[in-house]
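Can you read through this structure? Questions will come right after.
The values are calculated or read from the model by the stated rules, or taken from the named source; none is laboratory data. Remember, predicted model here, so these are calculated numbers, not experimental data. Note that we place each Cβ from the backbone using ideal geometry, even for glycine, and neighbour counts take in every protein chain shown. Side chains are part of the model used for accessible areas, which takes the heavy atoms of the whole protein and leaves out ligands, DNA and RNA. Shrake-Rupley method; radii C 1.70, N 1.55, O 1.52, S 1.80 Å.
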Amino acid sequence: MHLDDSVRSRAAAVRRWLESMRGACFPILEGDLTIAPVIDLTAGSADLEGAADPGDQGALSRRIEDRLKAAGATVALGRHDEARAMYSMEPFTGPAPRCLHLGVDLFADPGTPVRAPFDGTVHSFADHAGDWDYGPTIVLRHAVPDSEVVFFSLWGHLDRGSLDGPFEALVVRRGDTVGRLGTREVNGGWAPHLHFQLMVDLRGHYATFPGVVPPAEREAWLELCPDPSPVLDLPRDRVVAGV
């Protein structure tokens, strides 16, 4: 994938602004993220043990529940820039298998409200109801203050009620409820979680964006999808795999 110089320039501006917002963003989920267990979804990890196959979401849900209880936490983390072993099903297989995760996952109970970390407007929304898709999804548009730079955030795996209120160009203020987490029955079949992802450019996508890509294209996709750790106010090595 090729990115032109204008996209790279905007990406740099977005990363600088996000870092300047560290500690100033409204918490996306309630709960102490500093004690949130990190769920390792790479090959051979203990968090994938006991699954009939790497994509066994029932086994993964039980493992996450155990990790949350042990940590006394309400939220668990799934990492950005992680080459995962769990995407063994279509549509992730093929000549160029997709396993590199571009967002951050926040695992919590269905129905948990998710809040906007900073101001934005609704760009698009849809229910991607197929197996292993996002389910109900909202994309917000954001602007870097005092500039013409815009970027986007994707909120995937919500409940269907989350799509009852939004409309395009609706203003979303810092701290507003974007939606609520969906169950496995509506969120594409995944363990309940929010897939939160930042994008500098949507590349023609509407109400969706790739969340998992081929590792061979890692550099370009990570330029396009910045590290979300400043939004969560967490150290980079807690959010980004391999750091």
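Please sort 114-121, 235-242 by packing, taking for each peptide the average over its residues of neighbouring beta carbons within 10 angstrom, highest first.
On the way: 114-121: 20.0, 235-242: 14.9.
My ranking of the peptides, most packed first, is 114-121, 235-242.
Taking amide H positions as placed 1.01 Å from N in the peptide plane, with prolines and chain starts having none, which residues 5 or more places from Leu170, or on another chain, fall under 5 Å of its amide H?
Answer set, sorted by chain and number: Val122.
Related question: What ³J(HN,Hα) values, in whole Hz, does the Karplus curve 6.51 cos²θ - 1.76 cosθ + 1.60 give for segment 105-112 when θ = phi - 60°, with x put for Gly and Pro?
Karplus values, whole Hz, x for Gly and Pro: 9, 10, 7, 7, 5, x, x, 5.
Let me ask something additional. Picking from Ile35, Gly242, His128, whose Cα lies most toward the positive end of the charge dipole for the chain (charges on Cβ: Lys, Arg +1; Asp, Glu -1)?
Of the candidates, Ile35 comes out farthest on the positive side.
Something else about it: Rank Phe152, Phe92, Phe196 by mean-square fluctuation in a GNM of the chain with C-alpha springs under 10 angstrom and give only the top-ranked residue.
Fluctuation is largest for Phe92.
Label Val150 and His128 with points 7 Å out from Cα along Cα→Cβ: what is the distance between them in nm?
2.0 nm
Over all distinct alpha-carbon pairs, what is the Kirkwood Rh of the chain in angstrom? Don't skip to the end; give the middle numbers.
Details: mean 1/r = 0.0557 Å⁻¹.
In the chain this quantity evaluates to 18.0 Å.
May I ask you to compute the full-extension gain from Thr34 to Asp66, defined as 0.36 nm times their residue separation minus their alpha-carbon distance, rounded to one decimal in nm? All intermediate terms of the calculation are to be shown ahead of the outcome.
Values: separation 32, 0.36 × 32 = 11.52 nm, distance 1.75 nm.
Result: 9.8 nm gained on full extension.
Per residue, how much accessible area does segment 1-153 show when a 1.4 Å probe rolls over the protein heavy atoms, in square angstrom? Display every interim value, and only then the final one.
Values: 6880 Å² over 153 residues.
Roughly 45 Å² per residue, with all protein chains present.
Report, in debye and to the nearest 20, how large the dipole of segment 103-243 comes out about its Cα centre when Lys and Arg carry +1 and Asp and Glu carry -1 on their Cβ. Mind dumping the intermediate values first?
Numbers: 11 positive and 20 negative charges, 46 e Å.
Once rounded to the nearest 20, the dipole reads 220 debye.
222 nm [θ] for the chain, helices only, -39500 (n - 2.57) per DSSP H run of 4+, per residue, to 500?
-5500 deg cm²/dmol
Give me the percent relative contact order of segment 90-231, please, defined on Cα pairs under 8 angstrom at least 6 residues apart.
Numbers: 333 pairs, mean separation 48.4, N = 142.
This gives 34 percent for segment 90-231.
Rounded to two decimal places and with Rh computed the Kirkwood way over Cα pairs, what is Rg over Rh for segment 121-243? Walk me through the intermediate numbers first.
Working: Rg = 14.6 Å, Rh = 15.3 Å.
Result: Rg/Rh = 0.96.
Another question, if that's okay. Calculate the FRET efficiency for Ser20 and Asp109 from the Cβ-Cβ distance with a Förster distance of 45 Å, rounded to the nearest 0.05.
Values: r = 32 Å, r/R0 = 0.72.
With R0 = 45 Å, the Cβ-Cβ based efficiency is 0.90.
Quick one: putting +1 on the C-beta of Lys and Arg, -1 on the C-beta of Asp and Glu, what dipole do you get for the chain around its Cα centre, in Debye to the nearest 20?
Details: 23 positive and 35 negative charges, 76 e Å.
So the dipole magnitude of the chain works out to roughly 360 debye.
While we're looking at this one, here's another question. Give the residue from Pro192, Trp221, Phe209 lying farthest towards the positive end of the charge dipole for segment 174-234; charges sit on Cβ (+1 for Lys and Arg, -1 for Asp and Glu) and the dipole is referred to the Cα centre.
Result: Pro192, furthest along the dipole toward the positive end.
To continue, here is another question. Mind listing which GluC sites (Glu not before Pro) in segment 123-221 are in a DSSP loop and have 12 or fewer other Cβ atoms within 10 Å? Don't skip to the end; give the middle numbers.
Working: sites: Glu148, Glu168, Glu185, Glu217, Glu219; in loops: Glu148, Glu168, Glu185.
Qualifying residues, ordered by number: Glu148, Glu168, Glu185.
Let me have the relative contact order for segment 38-84, percent, based on Cα pairs under 8 Å that are six or more residues apart. Present the calculation step by step, with values, prior to reporting the outcome.
Working: 40 pairs, mean separation 23.3, N = 47.
The value is 50 percent.
Under a point-charge model restricted to the Cβ atoms of Lys and Arg (+1) and Asp and Glu (-1), what is the dipole moment magnitude of segment 31-107 relative to its Cα centre, in debye to the nearest 20? Let's see the in-between values first.
Details: 7 positive and 12 negative charges, 12 e Å.
Charge dipole, segment 31-107, about its Cα centre: 60 debye, nearest 20.
Report relative contact order for the chain in percent, whole number only (criteria: Cα-Cα under 8 Å, sequence separation at least 6).
Details: 565 pairs, mean separation 62.7, N = 243.
Relative contact order here is 26 percent.
Moving on. Can you tell me how much longer the chain between Ala143 and Thr42 gets when fully stretched, taken as 0.36 nm per residue apart minus their C-alpha distance, in nm with one decimal?
Values: separation 101, 0.36 × 101 = 36.36 nm, distance 3.41 nm.
Taking Ala143 through Thr42 to full extension adds about 32.9 nm, to one decimal.
Sticking with this structure for a sec: Per the Debye formula with a single identical scatterer at each Cα and no solvent contribution, what log10 I(q)/I(0) holds for segment 22-139 at q = 0.17, 0.22, 0.23 Å⁻¹?
At q = 0.17, 0.22, 0.23 Å⁻¹ the computed log10 ratios are -1.04, -1.48, -1.52.
Let me ask something else about it. Identify which of Ile64, Ile35, Ile138 has the largest mean-square fluctuation in a Gaussian network model of the chain, with springs joining Cα atoms closer than 10 Å.
Ile35
Charges on Cβ only, +1 for Lys and Arg, -1 for Asp and Glu, centred on the Cα centroid of segment 1-153; of Ser61, Ala73, Trp17, which one is farthest towards the dipole's positive end?
Result: Trp17, furthest along the dipole toward the positive end.
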